[in-house]
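*Asks:* I have a structure here, written as structure tokens, and I will follow up with some questions on it.
The values are calculated or read from the model by the stated rules, or taken from the named source; none is laboratory data. All of these numbers come straight from a predicted model, not from anything done at the bench. Note that we place each Cβ from the backbone using ideal geometry, even for glycine, and neighbour counts take in every protein chain shown. The protein model used for the area step is the full one, side chains on, heavy atoms only, and it has no ligands, DNA or RNA in it. Shrake-Rupley method; radii C 1.70, N 1.55, O 1.52, S 1.80 Å.
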Amino acid sequence: MTRKKKRRLRIRLPKLNLNTSADSSGTAPVRKHKRKRRRFRLKKEAYMVLAGIAAILALIFIPRAIDNSNLKKLGYDKATIKNIREQKLTKTILSNEWYSNYLAQAINDGTLNKDYTELYTVVTPQRGLNDTDFLLYGRLKDKGYSDKQLLNLYNKLRFTDLTPLLVFDYQSDESAYIADAQAHMSDNDADHFELDGTYYTPYENTRAVDDPSSLSMLVNKTYYLDESYVPDNLTGLSNLYAAPDRELAGVAAEALAEWCNGGRANDVYFYATSAYRPYEAQEELYEGYIKSMGQEQTDAVSARPGFSEHQTGYTVDLAATHEDNAADFSETRAYRWANEHCWEYGWLLRYPDGKTSITNYEYESWHYRYVGKDVAAAVHASGLTFDEFYMLYLKPWDNESNMPSEAILASTDYTKLIPAQTAPEEETVPETTGEPESPAPAETEAPEETEVPEASASPETNG
């Protein structure tokens with residue numbers, strides 16, 4: 001008997017997806033893997049953010065580390081490198097490879113003037129730099145010197161060696177001047193300056209006086225007055241203070257009287273043998289000297305017409321009275337007192353001893369120029385000749401782009417040089433009657449038209 005196979009009833013049921021749901025329309029459910037995909041995306045984004053942060057940090061710290069390493073190689077220590085970064089100097093210093101002990105010192109003590117960073121690399125801490133050095137830098141640049149030349153000059157010379165260059169002709173090759181100045185460094189200082197070479201040609205590059213109305217105008221063998229110039233308020237001088245028929249601009253006449261009276265109060269007597277001299281008088285004098293001694297010798301002892309300080313109306317030549325050796329003014333008590341105190345009354349010894357290389361005039365103990373009390377006090381304090389002082393502090397700029405910052409100009413205003421003065425003790429001025437006490441008779445003056453006077457007498461040969 002054949003055995004029948006039993007058939008199994010197989011019913012296939014649809015698989016249930018517990019992670020799916022049907023929409024309200026009854027359509028077949030759709031599998032969703034949102035949670036799984038979201039986890040994947042978050043992880044990927046996180047990696048990307050971390051990678052970006054790492055890249056940024058690398059961009060910041062790797063170059064920074066490289067810069068620090070390069071700054072260290074130049075010679076800067078860790079503390080200085082930190083200050084370099086804080087002062088935003090890294091790029092400037094590294095691109096130029098600048099280093100010096102003085103630059104590092106200035107960075108650390110916060111005194112660096114960024115406009116002159118390279119200048120700090122060529123000077124020593126002992127030499128140092130201040131705002132007056134920066135003013136001089138601008139003035140020399142206005143004179144025509146390049147930055148390269150100035151770096152060389154500042155590297156080799158002192159401030160007192162550099163200021164004469166403001167008066168001298170522009171030196172296209174500064175090396176000869178540097179060598180000459182270095183050879184005289186042991187002798188040259190604020191009171192004395194001499195050189196072997198000649199760096200100025202009188203009457204070569206002449207120009208009109210900047211401001212003929214100014215008390216502090218510069219008149220020398222470069223700057224001249226027009227033949228039509230006559231000072232304002234010409235005033236005849238009392239025979240108590242001057243030889244007969246002498247004149248000065250009014251303000252200078254008053255200052256001369258005050259100065260002479262100051263001397264009298266100290267038993268010192270001096271007077272003006274020469275004062276204002278018009279263009280025509282200087283021309284006659286100059287031509288007379290040429291006839292008697294020739295052009296070269298005349299230029300050595302007398303100013304050309306228009307180039308004489310006497311034409312300003314602010315200049316006198318002095319002589320002493322009541323002294324046995326009055327013929328040599330430099331040997332008198334009058335000279336010693338007048339020279340020591342002249343600045344207090346607004347006057348300057350215009351051609352001092354030991355400065356012929358700068359003034360281009362031999363020492364003239366008798367020749368004084370009125371510039372006003374403030375300027376005179378500042379020149380006295382500076383130790384400069386008036387030529388240097390004017391070119392550094394007073395001269396209008398030829399090119400204003402060479403001017404330093406307003407801060408430097410303010411800090412180097414010449415009035416800041418004026419020493420603080422205590423109130424002077426009252427001086428008793430002797431009463432005077434009609435007859436002059438101090439002036440020598442007019443006939444004691446050397447006749448300017450006929451002969452060359454001795455330098456120690458009552459000279460008429462100066463500027």
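*Asks:* Step by step: first the residues of the range 137-162, then only those that are open to solvent by less than 10 Å² (accessible area, probe 1.4 Å) and not in a helix (DSSP H, G or I), then the one that is farthest from Ala410 (Cα to Cα). Which residue is that?
*Replies:* Filtering the range 137-162 for residues that are open to solvent by less than 10 Å² (accessible area, probe 1.4 Å) and not in a helix (DSSP H, G or I), the one farthest from Ala410 (Cα to Cα) comes out as Leu157.
*Asks:* Taking the conditions exactly as written (outside any loop (DSSP other than H, G, I, E, B), surrounded by fewer than 17 Cβ atoms within 10 Å (Cβ to Cβ) and out of contact with any helix residue (DSSP H, G or I) (no Cβ under 7 Å at 6 or more places or on another chain)), does Glu204 satisfy them or not?
*Replies:* No.
*Asks:* If the requirement is being modelled with pLDDT of 60 or more and touching a Ser or Thr at 6+ places or on another chain (Cβ under 8 Å), which of these qualifies: Tyr76, Tyr99, Tyr47?
*Replies:* Only one candidate passes the filter, namely Tyr99.
*Asks:* Follow-up. Restricting the search to the range 383-407, which residues are surrounded by fewer than 22 Cβ atoms within 10 Å (Cβ to Cβ), among the acidic types (Asp, Glu) and touching a helix residue (DSSP H, G or I) at 6+ places or on another chain (Cβ under 6 Å)?
*Replies:* Asp398 - this is the single residue of the range 383-407 that is surrounded by fewer than 22 Cβ atoms within 10 Å (Cβ to Cβ), among the acidic types (Asp, Glu) and touching a helix residue (DSSP H, G or I) at 6+ places or on another chain (Cβ under 6 Å).
*Asks:* Oh, and also: What is the one condition in (1) over 32 Å from the mean Cα position of the chain (by Cα); (2) within 19 Å of Arg350 (Cα to Cα); (3) open to solvent by less than 30 Å² (accessible area, probe 1.4 Å) that Glu331 does not satisfy?
*Replies:* Unmet condition: (3).
*Asks:* Shifting gears a bit: Anything in the range 406-420 that is among the aliphatic types (A, V, I, L, M) and within 8 Å of Ala378 (Cβ to Cβ)? List them, or say none.
*Replies:* Leu417, Ile418 - these are the residues of the range 406-420 that are among the aliphatic types (A, V, I, L, M) and within 8 Å of Ala378 (Cβ to Cβ).
*Asks:* I've got another one for you. So if I check each of Leu285, Leu256, which one is closer than 24 Å to Arg336 by Cα and either in contact with a Pro (Cβ under 8 Å, 6 or more places away or on another chain) or surrounded by 16 or more Cβ atoms within 10 Å (Cβ to Cβ) (or both)?
*Replies:* It is Leu256.
*Asks:* Still on this model: For the range 234-253, name all the residues that are in a loop (DSSP other than H, G, I, E, B) and either surrounded by fewer than 19 Cβ atoms within 10 Å (Cβ to Cβ) or aliphatic (A, V, I, L, M) (or both).
*Replies:* If the condition is that a residue be in a loop (DSSP other than H, G, I, E, B) and either surrounded by fewer than 19 Cβ atoms within 10 Å (Cβ to Cβ) or aliphatic (A, V, I, L, M) (or both), then Leu237, Ser238, Asn239, Leu240, Ala243, Pro244, Asp245 are the ones that fit.
*Asks:* In addition: Looking at the structure I just gave you, is Ala281 of a type in the set (A, V, I, L, M, F, W, C) and modelled with pLDDT of 95 or more?
*Replies:* Yes, satisfied.
*Asks:* Among the residues of the range 101-136 satisfying the criterion of being charged (D, E, K, R) and over 13 Å from Arg158 (Cβ atoms), which is least open to solvent (accessible area, probe 1.4 Å)?
*Replies:* Asp131
*Asks:* A further question follows. So is Ala338 at pLDDT 95 or above, of a type outside the set (Val, Ile, Thr), buried (at least 24 other Cβ atoms within 10 Å of the Cβ) and over 22 Å from Ala243 (Cα atoms) or not?
*Replies:* When the stated conditions are applied, Ala338 does not pass them.
*Asks:* Say whether the condition of being open to solvent by 80 Å² or more (accessible area, probe 1.4 Å), of a type in the set (Phe, Trp, Tyr) and assigned to a loop (DSSP other than H, G, I, E, B) is met by at least one residue in the range 169-183.
*Replies:* yes
*Asks:* Only one residue in Phe193, Phe270 is over 30 Å from Val167 (Cα atoms), of a type in the set (Phe, Trp, Tyr), open to solvent by less than 20 Å² (accessible area, probe 1.4 Å) and at pLDDT 95 or above. Which one?
*Replies:* Result: Phe270 is the single residue among Phe193, Phe270 that is over 30 Å from Val167 (Cα atoms), of a type in the set (Phe, Trp, Tyr), open to solvent by less than 20 Å² (accessible area, probe 1.4 Å) and at pLDDT 95 or above.
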